[in-house]
Each structure stands twice: as structure tokens, then as C-alpha cells.
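Q: Questions regarding the structure given below will be posed in turn.
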Amino acid sequence: MAQIRAPVIVLLVLLAVGLFTTEASAAKQARRRRFCCQSYTGGEIPFEVIVGYTLQTTTEICRIPAIIFHTKNGKDLCADPSQSSVIQHVNRLRDTAVHISKSQS
């Protein structure tokens, strides 16, 4: 009986660890989706640190329109979508995505 219990206990521990890491990852993704800009980040954001962006529209919770730039170090920076530097960054990211899409076709 003791021989059967050890593998069962090990299996239960592995399942518990797997569930915990899955839930922690899902919670991190949910936090990112709920992020809402209340003001704009001061200063210009260097293009080299940006890995992607999200468009924020005006809602009851998010009271300003914004471009949320995602950086290499995991930060979310809020930018004013009417600024020319922000528009240029978004266009460069779009052009890169289109270029990658066409080269993989």
C-alpha cells in the first residue's frame, strides 16, 4: 500500500504546482488587459524599447484615448494618440508587421 501512495502523492504535488503556475500566468495576463491609462507618460518614448502596443478607447473606466506601448522590460507606457511621434511609432510597428506577414506568405 505504501508503494502506491508515493507515486500518487508525487502526482498530486505536480498537478498542484501545474495549476498554481497556470493560474498565476492567467492572473498576470488579466492584469495587463485591465490596465487603463488615466494620464499620459511624460516625455518621448524611444522606439527601440517598444515591442507592441494596444489601442485604448474612451470608456467609463478609461476616460482618455491612449496608445499603450508595451516595452521590452514589461512596462506599459501611456501615450497621447494625437502626438506625431506616437503616430510615427504606431506606423513603424504596423509596417514591420506587414513586412513580416508578406515575407512569410
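Bear in mind these aren't lab numbers, they're just calculated from the coordinates by the rules spelled out. These figures come from a predicted structure and were not determined experimentally. Note that each Cβ is placed from the backbone with ideal geometry, even for glycine, and that neighbours are counted across all protein chains shown.
Q: I'd like to compare 80-87, 67-74, 54-61: which one has the highest average count of other Cβ atoms within 10 Å, and what's the full order after that? Each step should come with its number before you reach the end.
A: Values: 80-87: 13.4, 67-74: 15.4, 54-61: 10.4.
The peptides rank, most packed first, as 67-74, 80-87, 54-61.
Q: For the range 51-67, take each phi angle, set θ = phi - 60°, evaluate the Karplus expression 6.51 cos²θ - 1.76 cosθ + 1.60, and give the result in whole Hz per residue in order, putting x for glycine and proline.
A: For the range 51-67, the Karplus curve yields 10, x, 8, 10, 8, 9, 9, 6, 9, 5, 7, 9, 7, 10, x, 7, 9 Hz.
Q: Could you check the simple spin-label distance between SER39 and HIS99, using points 7 Å along Cα→Cβ, in nm with one decimal?
A: Placing both labels 7 Å beyond Cα along the Cβ direction yields 3.6 nm.
Q: Run the dipole for the range 39-80 about the Cα centre, Lys and Arg Cβ at +1, Asp and Glu Cβ at -1, nothing else charged, and hand back the magnitude in debye, nearest 20.
A: 100
Q: On to the next question. Which of the three applies to the range 45-99, rounded, prolate or oblate, going by the alpha-carbon gyration tensor with a ≥ b ≥ c and a/c under 1.5 meaning rounded?
A: Details: a/c = 1.90, a/b = 1.50, b/c = 1.27.
Taking the square roots of the gyration eigenvalues as a ≥ b ≥ c, the range 45-99 is prolate.
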